[in-house]
Amino acid sequence: ISKMNKDAQMRATINQKLIETGERERLKDLLRAKLIECGWKDQLKAHCKDVIKEKGLEHVTVDDLVAEITPKGRALVPDSVKKELLQRIRTFLAQHASL
């Protein structure tokens, strides 16, 4: 089995375990709360409004908007939030080392 297949298989296994234990939902809730707390949601909302104003409401589809704001949305996530989530995932994996 190639390394890419092994990596994909490992990700799928980890994701399944996250779902089964309910940890995936807890991580999503934590992420949602942290993004609201740091102002990310408001920043992205403002960016959406700017894009719509710039292009005109009748000329913007949801797909256009998603394509336009996704890179900025990812870039705006604070490093502290990324680090906290990564640490939570590492802790989870350490507790479920049998994966």
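The values are calculated or read from the model by the stated rules, or taken from the named source; none is laboratory data. What you are looking at is a predicted structure, and each value in this text was computed from that prediction instead of being measured. For neighbour counting, all protein chains shown are included, and Cβ atoms are generated from backbone atoms with ideal geometry for every residue, glycine included. We work out accessible area using only protein heavy atoms, side chains counted, and drop any ligands, DNA or RNA first. Shrake-Rupley method; radii C 1.70, N 1.55, O 1.52, S 1.80 Å.
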Quick one: in segment 1-22, of everything that is assigned to a helix (DSSP H, G or I) and hydrophobic (A, V, I, L, M, F, W, C), which residue is farthest from residue 96 (Cα to Cα)?
-> 4
Could you please tell me which pairs satisfy a Cβ distance under 6 Å, a separation of 6+ or placement on different chains, a first residue in segment 23-46 that is touching a residue at least 60 places away in the same chain (Cβ under 8 Å), and a second residue that is assigned to a helix (DSSP H, G or I)?
-> 23/92
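Before we move on, is residue 37 within 21 Å of residue 80 (Cβ to Cβ), open to solvent by 90 Å² or more (accessible area, probe 1.4 Å) and either charged (D, E, K, R) or at pLDDT 95 or above (or both)?
Here the answer is yes, as residue 37 does meet what is asked.
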Return the residue satisfying two criteria in turn: it lies in segment 62-79 and is hydrophobic (A, V, I, L, M, F, W, C) and without any contact (Cβ under 8 Å) to a residue 24 or more places away in the chain, and of such residues it is nearest to residue 35 (Cα to Cα).
-> 75
Would you pick out the residues in segment 1-34 that are within 24 Å of residue 81 (Cβ to Cβ), exposed (fewer than 11 other Cβ atoms within 10 Å of the Cβ) and of a type in the set (Lys, Arg)?
-> 11
Working carefully through the options 99, 65, 93, find the one that is in a loop (DSSP other than H, G, I, E, B) and at pLDDT below 95.
-> 99
